[in-house]
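Notes follow once the structure below has been shown.
The values are calculated or read from the model by the stated rules, or taken from the named source; none is laboratory data. These figures come from a predicted structure and were not determined experimentally. Please note: Cβ atoms are built from the backbone with ideal geometry, for glycine as well, and neighbour counts cover all protein chains shown.
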Amino acid sequence: MHAQMMEYNSEKENLVIPAYGRHVQSLINYTKTIEDPEKRQAFAERIIVLMMQMNPQSKNIQDYKERLWKHLFRIANYDIDVKPPEGLIVTKEEAQKKPAKIPYPISKPRFRHYGNNVHILIEKAIQIEDKEKREAFALTIANYMKLAYKTWSREHYVNDEMIIGDLHSLSRGKLKIPDTASLDILLNPKVKKKRSSFNSVISNKDDNNKKQQRSKKSSNKGGYKKKW
């Protein structure tokens, strides 16, 4: 009786997409050998279901099923006679297309610690004609600037006056917000709610005190008796 020789993975064909494992790749290769078109199509669709079960957390991703079909064709080296979902084109040439390059800003922005998006927002805010909307947008940008500064420079102290000054400088003096404005809304959203609830409590206490004083005054009226 001959001993069975062990087969090492290093001796097998390379995995095209290792995330799916060798069994999925073997099933896809077997699909190529099925002669009946209907059985071959049904077998391929079963493999897609199996691939979905391997990553159930990704089902909510848009176009996830189409991505699985592209992976199936890729593992099969685009040499498999099955039909992908309607409207999906899967070819080797299509897969080799490179996405368009994302344009990066060439100029070096001032105050780089705020990020390039802040500069874009400031330019958009400057173009707003309505004064109230422009000031509200500027206040939102200033809050974000303080949040960004404290996120990346935690060891440095930052105050509202510095943020307001930087916003004034970056906008070339076109955006202004009141010096008394609070820039802690994004850092601590509960601050605003606490202040409003605290003010309401204080106002209620004042109203109650005023009511008590009024009731005392009304009770004293006519209550004075002259002693003989």
Item to check | Single residue of the range 147-180 satisfying the filter (among the small types (Gly, Ala, Ser) and crowded, with 16+ Cβ neighbours inside 10 Å) that is modelled with the highest pLDDT | outcome: SER171
Item to check | helices (runs of 4 or more DSSP H) within the range 25-131 that include 1 or more residues modelled with pLDDT of 80 or more, among the small types (Gly, Ala, Ser) and not assigned by TED's automatic domain parsing to the domain that holds LYS150 | outcome: 37-54
